[in-house]
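J.: If you scroll down you'll find the structure; I have some questions about it.
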Amino acid sequence: MIKTLKKKKGFTLIELIIVIAIIGVLSAIAVPKYFSIQEDAKTKSDVASAKTIASIAATAYAQDRITPLPADMAEVSNVTGTPGSDLESVPKVQAKYAGITSPAFHVAVTAEGMVTVDVKGSEETTLQIYPVAP
């Protein structure tokens, strides 16, 4: 009787360890890149929302539905979220900005009709989103 050797199918332990190491290296590179791309997308979403808010505010100003800030006022006027106004439903700020907690969009309209949109937090820290500051 001749014994036939059966060939075992499968991977060796070394092959499995090498594959797991390669997957680990690839994920170590890809995961931080993914979060960076996600944060950039949120920032771009905020800029797009700010452009829309500025457009609505400029239209409302042109139709005399909102009043501009007096020239001597430095504080940003919050015309967002007022029931019955053009800006009743304002999107939330998506990105996280350094030094700003509880961020919200705030709109300022000057007597000349210049509209700026800022992200303002609970602690008087503001960041101009639109138009983009040079």
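J.: Regarding Thr116, is this residue among the hydroxyl-bearing types (Ser, Thr, Tyr), at pLDDT 75 or above and not in a loop (DSSP other than H, G, I, E, B)?
T.: yes
J.: Another question, if that's okay. Let me confirm something: among Ser85, Ser102, Ser49, Ser36, which residue is modelled with pLDDT under 80 and either in contact with a strand residue (DSSP E or B) (Cβ under 6 Å, 6 or more places away or on another chain) or among the small types (Gly, Ala, Ser) (or both)?
T.: None of the other options fit; the residue is Ser85.
J.: Name the residues in region 45-65 that are over 16 Å from Val90 (Cα atoms) and either exposed (fewer than 10 other Cβ atoms within 10 Å of the Cβ) or not aromatic (Phe, Trp, Tyr) (or both), would you?
T.: Passing the criteria: Ala62, Gln63, Asp64, Arg65.
J.: May I ask you to list pairs of residues, at least six apart or on different chains, whose Cβ atoms are under 6 Å apart, with the first in region 109-134 being within 20 Å of Thr43 (Cα to Cα) and among the aromatic types (Phe, Trp, Tyr) and the second being at pLDDT 85 or above and surrounded by 11 or more Cβ atoms within 10 Å (Cβ to Cβ)?
T.: Tyr130/Ala50; Tyr130/Lys51; Tyr130/Ala54; Tyr130/Val117
J.: Looking at (1) among the charged types (D, E, K, R); (2) assigned to a loop (DSSP other than H, G, I, E, B); (3) modelled with pLDDT of 85 or more, which one does Asp72 not meet, given that it meets all the others?
T.: (3)
J.: Could you run through region 1-19 and say how many residues are surrounded by fewer than 10 Cβ atoms within 10 Å (Cβ to Cβ) and at pLDDT 90 or above?
T.: The total comes to 3.
The values are calculated or read from the model by the stated rules, or taken from the named source; none is laboratory data. Because the structure is a prediction, the values reported are computed rather than measured. Counting neighbours? That spans all protein chains shown, and the Cβs are built from the backbone with ideal geometry, glycine included.
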